[in-house]
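Taken together, the values in this text are just the output of simple stated rules run on the coordinates, not laboratory data. None of the values given here were measured: they were computed from a predicted structure. When we count neighbours, we look across all protein chains shown, and the Cβ atoms used for this are built from the backbone with ideal geometry, even at glycine.
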Amino acid sequence: MQIAFYIAAFVAVLSTVMVITRFNVIHALLYLVVSFMAMAVVFFILGAPFAAALEVIVYAGAIVVLIIFVIMMLNQKEEAVDQEKKWLTPSVYIGPAILSVLLLGELIYIIYEGESHTIGQQVVDVKEVGKTLYGPYILAVELSGMLLMAGIVGAYHLGRQKKKVTHRFLKQTED
Amino acid sequence: MQVSAEYGLLLASVLFTLGLIGVLVRRNIIFMLVCVEIMLNAAGLAFIVAGSKWTQADGQVMFIFILTMAAAEVSVGLALILQIYHQLKTLDGDAANSMKG
């Protein structure tokens, strides 16, 4: 089963590279869905089936669809792709890419400094996750409920269109 | 299904670096938001690997919290993107670099 992990990891890395290099937003999002599916396979192999299901449902299902809805609302034309091509030139991406790859090299060095372990022998199933989530972590569950509430209120407040003032007395002073 | 823990952490750090490069390089704010999602997902993978090493459920619990935070973040971020697009008529991240003060 090791080979499945390597294939899924390869697909995840390759599709993520395609996400950050596409000019068309919709193409990038389709590659993002492929990346999330490959990550779900990785989670399943590592013995976390509940996390794999959540990855498919929430990330590939909800979040990507939300971004696609917003792109539909923005009504982008063909010029947007040309604009992207103009923005993404080698002089722009060489510097940050080299610095980030240096950081990646340091991370890889740190990971290989530690001792080796094998993982994924035992599956941590949904029952155990539920017991931990609603046992010691119950306060964090309530806090994430508040976070989601704040997200709903913030998204409604920010996404609201400005109402036009049509009152005859207020019209003069509004401008 | 036995995998060495280094390869899981390696995959997480490669994906995190790719997301970081995307945030730094792209100027379209939708792409920047997508790359932040990639980085959060890589952080979640690191938690899953750690939880799998000790065969504890805490890693998956932390992944669920990261998922919640990502959902809240993307909803507020997309509302901000819509607002910026309506006011400035562009998706350029550099267009909103100054306030009216």
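Below are the figures for this structure:
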item: Cα radius of gyration and Dmax for the protein assembly as shown (Å); result: 20.9, 76
item: Least to most buried among A:Arg160, B:Arg26 (fewest other Cβ within 10 Å first); result: A:Arg160, B:Arg26
item: Scattering curve values for segment A:1-137, log₁₀ I(q)/I(0), Debye with Cα scatterers, q = 0.09, 0.13, 0.15, 0.21 Å⁻¹; result: -0.42, -0.82, -1.01, -1.29
item: Sequence-separation-based contact order of chain A, relative, with Cα cut under 8 Å and 6+ spacing, percent; result: 19 percent
item: Cross-link reach list, aspartates and glutamates versus B:Lys53, counting only Cα pairs under 19 Å and skipping chain neighbours closer than eight places; result: A:Glu113, A:Glu115, A:Asp125, A:Glu128, B:Glu6
item: Kirkwood-type radius of chain B, with distances r between different C-alpha atoms, in Å; result: 15.3 Å
item: For B:Met62, A:Met72, A:Met18, order by how many other beta-carbon atoms lie within 10 Å, fewest first; result: A:Met72, A:Met18, B:Met62
item: Cross-link partners of A:Lys127 among aspartates and glutamates (Cα-Cα below 17 Å; sequence separation of 8 or more within a chain); result: B:Asp58
item: MRE, 222 nm, helices only [DSSP H, n ≥ 4, -39500 (n - 2.57), over the protein assembly as shown, to nearest 500]; result: -24500 deg cm²/dmol
